1. Here are some pairs, Lys16/Lys61; Lys34/Lys61; Lys60/Lys111; Lys13/Lys60; Lys16/Lys111; which of them have Cα atoms lying more than 26 Å apart in this structure?
2. Per residue, how much accessible surface does region 31-119 expose to a 1.4 Å probe? Answer in Å², no decimals.
3. Set the Förster radius R0 to 30 Å, insert the Cβ-Cβ distance between Arg90 and Ser130 as r into 1/(1 + (r/R0)^6), and round the FRET efficiency to 0.05.
4. Counting Lys and Arg as +1 and Asp and Glu as -1, each charge on the Cβ, what is the dipole of the chain about the Cα centre in debye, to the nearest 20?
5. Leaving out ligands, DNA and RNA, what percent of the accessible area of the chain is carbon and sulfur, probe 1.4 Å?
6. Going by a ≥ b ≥ c, the root eigenvalues of the Cα gyration tensor, does region 35-170 fall in the rounded group (a/c under 1.5), the prolate group (a/b larger than b/c) or the oblate group?
7. Report the relative contact order of region 23-158, percent, no decimals, based on alpha-carbon pairs under 8 angstrom and at least 6 residues apart.
8. For Ser141 and Asp28, what is the calculated FRET efficiency with R₀ set at 45 Å and r taken between the beta-carbons, to the nearest 0.05?
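The values are calculated or read from the model by the stated rules, or taken from the named source; none is laboratory data. Computed from a predicted structure; not experimentally measured. Positions of Cβ are generated from backbone atoms using ideal geometry, with glycine treated the same way; all protein chains shown enter the neighbour counts. Remember, those area values only see protein heavy atoms, side chains included, never the ligands or the DNA or RNA. Shrake-Rupley method; radii C 1.70, N 1.55, O 1.52, S 1.80 Å.
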Amino acid sequence: DGLSVALEYIDGKFHKGATRGDGNVGEDVTENLKTIRSIPMTLDNAPPRLIVRGEVFMPKKSFEALNLRQEAEGKPLFANPRNAAAGSLRQLDAKITASRKLSIFVFNVQKAEGMKPLSSHRESLNYLSSLGFKVSPFCNSFTDACDIYSEIISFNENRASFDFDIDGAV
């Protein structure tokens, strides 16, 4: 539950990153993305050009610390981690972004030039993980409708215990 971004790598090196924007044109937030420790700056065995999509978020602990700092400085508190993450990523000063301790889950390969297409979402997540990207720990596959329903119920019952906010299970 944060802000969707695209990350572009050229010859295994982080080149640029942008928000989703209006769906066609996003904001260039490259310098701020470079401050997020869970984004690898170099990839081993990457294709010549790779674009991935992920969700930048603010862990709950970072959100709580940020609001404590805001309160101590007499500044307004942030309403929720989603808004705090989005505002943090759009800062003009990358040092402010770095101080907010954002994280990311990468969830999709948008483009992988010079590579055979990945055959499933599971294969894509495994590939992303092998490159060093942080992917969601909740990426289970089910074929039985009862198992799917049980997982959704369990997910929703436990979501408050996660260190990040979520919209829900998909």
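1. In this structure, Lys16/Lys61; Lys60/Lys111; Lys13/Lys60 lie more than 26 Å apart at Cα.
2. 57
3. 0.45
4. For this selection, approximately 520 debye.
5. Carbon and sulfur atoms account for 51 percent of the accessible area of the chain.
6. Numbers: a/c = 3.12, a/b = 1.29, b/c = 2.42.
Because a/c hits 1.5 or more and a/b fails to exceed b/c, region 35-170 counts as oblate.
7. Reported relative contact order: 33 percent.
8. It comes to 0.80.
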